[in-house]
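Encoded as structure tokens, the structure appears first; notes follow it.
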Amino acid sequence: METRPKLRLFRYLVPVIIILALIFTFRYCGKQEKPLGHPRDYAAIAKEGILRVATEYNSISFYVDGDTISGFHYELIQAFARDKRLKAEITPVMSFEERLKGLSEGRYDVIAYGILKDSLLLTSPIVLNKQVLVQRKENGENDSLYIRNQLDLARRTLHVVKGSPSILRIQNLGNEIGDTIYIKEIEKYGPEQLISLVAHGDIDYAVCDESIARAVADSLSQIDINTAISFTQFYSWAVSKQSPVLLDSLNTWLDKFQKKSEYQKIYKKYYNQ
């Protein structure tokens, strides 16, 4: 009599175990058989007729104004696609690391945003920019939070977008001043959100591109962006090292387009406000 419950339990468990094993097998095989994406070069892009682009959502690069999409990098990449008879699929991606991952996996062909990265192929320079400290304006001469020069950054905590290229610059700056500058990477916010957090007192310091800081500072009068973190430098777009023909196509086009009045009009619209 004691063996019957055990037998019934065994008969019940066997189908469950088999079903679970089959589910695991199908999932495992599905993952194994699913092809991994890889970067495309210009021939594959031209064949499909679609250029996949990642950029950042902010008031300079890419933004929605009513029922219109605008932005310096948005308009520039659209001009390139138009001249090459391609359709541009532009995706705003806030995470710097996610943009890099998408490029390496072939989900994006171009990162159309100012970038400095040795592991990628960079286009000819597109704009001049620099990184600045975002803080609240000085509240009297004895304001202990206010940073007056780079030496005052010692032992302070600077907030940056997770994976931002500014991290390396801040680390080098710490070496230059001979003291530690703490860095806190924020994953869920972009630079404009960090600036807003500074303005409203949630954090004390952030670092972002000067062009974005200037665009936002117009509506946040309590913000100070006068302390430079880096020197002025050229920013470029990026493609995978597996896409040299795409790089050459972009560079050839940029060299010609930047001499046209259309480019000057786009540039002045966003950088000479």
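The values are calculated or read from the model by the stated rules, or taken from the named source; none is laboratory data. Keep in mind that this is a model prediction, so the values were computed, not measured. Note that we place each Cβ from the backbone using ideal geometry, even for glycine, and neighbour counts take in every protein chain shown. Just so you know, the surface numbers come from the protein's heavy atoms only, side chains and all, with ligands and any DNA or RNA stripped out. Shrake-Rupley method; radii C 1.70, N 1.55, O 1.52, S 1.80 Å.
Surface analysis of segment 113-178 yields an accessible area of 51 Å² per residue, using protein heavy atoms and a 1.4 Å probe. Under the membrane-span-like helix rule (DSSP H runs whose alpha carbons stretch at least 27 Å along the helix axis, mean Kyte-Doolittle hydropathy 0.0 or higher), the chain yields 3-33.
Could you work out the local net charge near Leu151, counting Lys and Arg as +1, Asp and Glu as -1, over the other residues with Cβ closer than 15 Å to its Cβ? Taking every Cβ under 15 Å from that of Leu151, the sum is 0. DSSP finds beta bridges in segment 122-273, and of those with both partners inside it, around 65 percent are antiparallel. The apolar share of the surface of segment 75-228, taken as the fraction of accessible area on carbon and sulfur atoms (1.4 Å probe, ligands and nucleic acids excluded), comes to 44 percent. Within the chain, DSSP assigns beta bridges of which about 60% are antiparallel (rounded to the nearest 5). Would you be so kind as to identify which of Pro244, Pro39, Tyr57 lies farthest towards the positive end of the dipole of the chain, taking Lys and Arg as +1 and Asp and Glu as -1 on Cβ and the Cα centre as origin? Looking along the dipole axis, the top candidate is Pro39. Using just its DSSP H runs of length 4 or more, each adding -39500 (n - 2.57), the chain gives a mean residue ellipticity at 222 nm of -13000 deg cm²/dmol after division by all residues. Take the Cα of Gln171, step 7 Å toward its Cβ, do the same at Asn251, and the gap between the two points is 2.8 nm.
The translational diffusion coefficient of the chain, from Stokes-Einstein at 20 °C and 1.002 mPa s with a Kirkwood hydrodynamic radius over alpha carbon pairs, comes to 100 µm²/s. Each 5 Å bin from 0 upward holds the following percent of the Cα-Cα pairs of segment 126-273: 2, 9, 16, 18, 17, 14, 10, 7, 5, 1, 1, 0. For the residue pairs Lys137/Lys259; Lys130/Lys256; Lys87/Lys184; Lys47/Lys130; Lys188/Lys256, the alpha carbons lie more than 30 Å apart in Lys137/Lys259; Lys87/Lys184; Lys47/Lys130; Lys188/Lys256.
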